Structures are given as structure tokens and as C-alpha cells.
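Please treat every number below as a calculation from the coordinates, not as lab data. All values reported here derive from a predicted model rather than from experimental measurement. As a convention, Cβ positions derive from the backbone with ideal geometry for all residues, glycine included, and neighbour counts pool all protein chains shown.
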């Protein structure tokens, strides 16, 4: 039986596994195997898949172990923390396996493109909600305009219930949330890539049905910086008002630093201390509701006149399954691509970003239909 290996059984990886065991895309349910070093994570996978996914305890920080596991699969899904992403992907490619990855690694995975082509591996990276669906739909919209001039992406995952002082909880690895707040944000202005400080450019934005949120710069454009020819592009993260100020204060105080400091003669890493104190408060409780908000605006000209294409997404916690909105909106697109790879419909050796598939209209239609069937619906509007 064809098999898919999921590396990482955390908040998102477990939902990916639960979706994969359902099959789809014209393909019967595959054999699904999930690897993680955490027994608690593997127990969650077993529960969410009703025992239909095999689980294996493994140290996924070891590339040799990743390569060994990948060798026994037809397709691999990378759902690891960002600091493990590149090494794991390299091991998958060396094993000659095709893959889809959502690790949000700091590195540009396209540096492995030639290696993947030599191994015959087709790899799609950053295929979650944002990056992921944001890349794909931005490119779809841009391709429908004669002259795209401006791209604006706003996206955020939030708890439904606001609680001071943070007004936030993490729908994925909290360490990667901190990475969003320190990694310099790349934007495109006047056709050139510029760098802005993360958490800068805070502006209020109103969303019907949600309320007023604040948007600030983060490094979410990723590959779009050089794959789309649009003179102005930016991606901003959405949070409840006041969160960005608090995070900037933490950063200014040095609490996000990974440099060791001496405290009473003991070496201390500020970010490690912050993580130990903060992350338990940023963890969703069982059944605690979250929501995901995303808006993609592409402005330009069609037939010589101004034209705007907008995609909106407002998704909420699924009471029936207990799946968080962030896990659903991130995991379902990733699972869909894994199924397409398994079905043999995506055969293009090399390492590719999501927007590379924007011209495959049949794929885009299948993907949006699969997501809609799972309650994740993107609303499209146009304005002249």
C-alpha cells in the first residue's frame, strides 16, 4: 500500500495525519506513519486518527534517522519546528523522496533545488496557510491582471476569547511565533526588496465579524519577494490591539535574545527563560476556541482599467473534531499536496514554493474544493 510519512505529530502534524487517513484526491486512504520524539504527541496522533495511523518514536533532529524513515515512504510531510526544517528536508531529498513541508525554516529551501532534481524528488515548501495558501492565491490573482501593482497580505491566528495581558495564544510551535517577532521583515517597495523591523508599521484594521485588529510587518512574503513581479508587496501579521507593543517591549528588554548572559554567576539564555515562563500561558486548553483571519488584496490593471482581486478567509475552531482553526487551515492544504504527490499528479523534480502551482488551474480547483469540503472556505471578490 502506498505510504506517507509525517515528520512531527504536534498540533498541526496530528491534524495532517488525521486528514491523510481519510484519503481523497481520487486516491484511496494511504498507509500513514507519524514520527515524533514525544510520547504525548504520538498518543494525540493515535487518538485523532482513531488508531489508523502508525506511530514511531524517533529523534528527528538526527538526519540519519530522518533518512532511514523517509526511505520507507512514498511521500514525506515535514511538520517540524523551524530549526529542524532544512536538515530534515535535506535528508528526505537524499533519500530520493518527494515531500511537502510546513516548517517555516529561516533558510531558503530552494538552495536544495539542484539536489532534489538530481534525486528525482518533487518538493513543495511552505505549503500551509501563510505562507502557503497566501502565496498560491496571490499568484493566482496576479496572473489574472495585465499589470499587478500592489500585493497586501494580512493574516493571523487568534484566541476567540481575549485575555490580558497577552491577548494571544499560539496555534503552532510558540518558539516559531517568537521567530516571527525577531526575524527582519522583507517587503518590496518600488520594485526592490527592503528590510523592515519585525513588529513595525502597526495599523488598525477592521474585519467584519471579528472586530478591530492590529496589523504589523513580519517576514511572511518569503519566496514571493522574487517570484512575483509586483512593485509593492508586503505581508503583515494580525493580532488583537496592544499585543505588538507588549512584544516590542519584551524584545527591547532583551527577553527574545539567544545570547547567554550572566545572572548571579549562572549562564542564562533570556529566550529560554521567557519560553519556560510564557509558553504555558500561550498554550490552548482542551476545547479552547481559536480563529484564523486572512485577507489577500492584489491591485493592478486589467484591460487598461484599475482592478482589485481579494481573497478572504475567516475560519474557526471545529467543535466536532476538536481541531484548532490554525491546525486546520495549515494542515489541510499540506495534506492535500501530499495526496496529490502520492497520486502522481505533481511530477516536477526540484524544490518549489506554493506559487509555482498557480498556473495549474485544475490543481487549484481541486485544492479549493477539498478545503471547502472541510469547512475552510476562501471568499473571492473583485472590484473595478
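What's the number of the only condition in (1) surrounded by fewer than 23 Cβ atoms within 10 Å (Cβ to Cβ); (2) part of a loop (DSSP other than H, G, I, E, B) that residue 181 fails to meet?
(2)
Kindly establish whether residue 54 is over 20 Å from residue 350 (Cβ atoms) and in contact with a strand residue (DSSP E or B) (Cβ under 9 Å, 6 or more places away or on another chain).
So residue 54 fits the description; yes.
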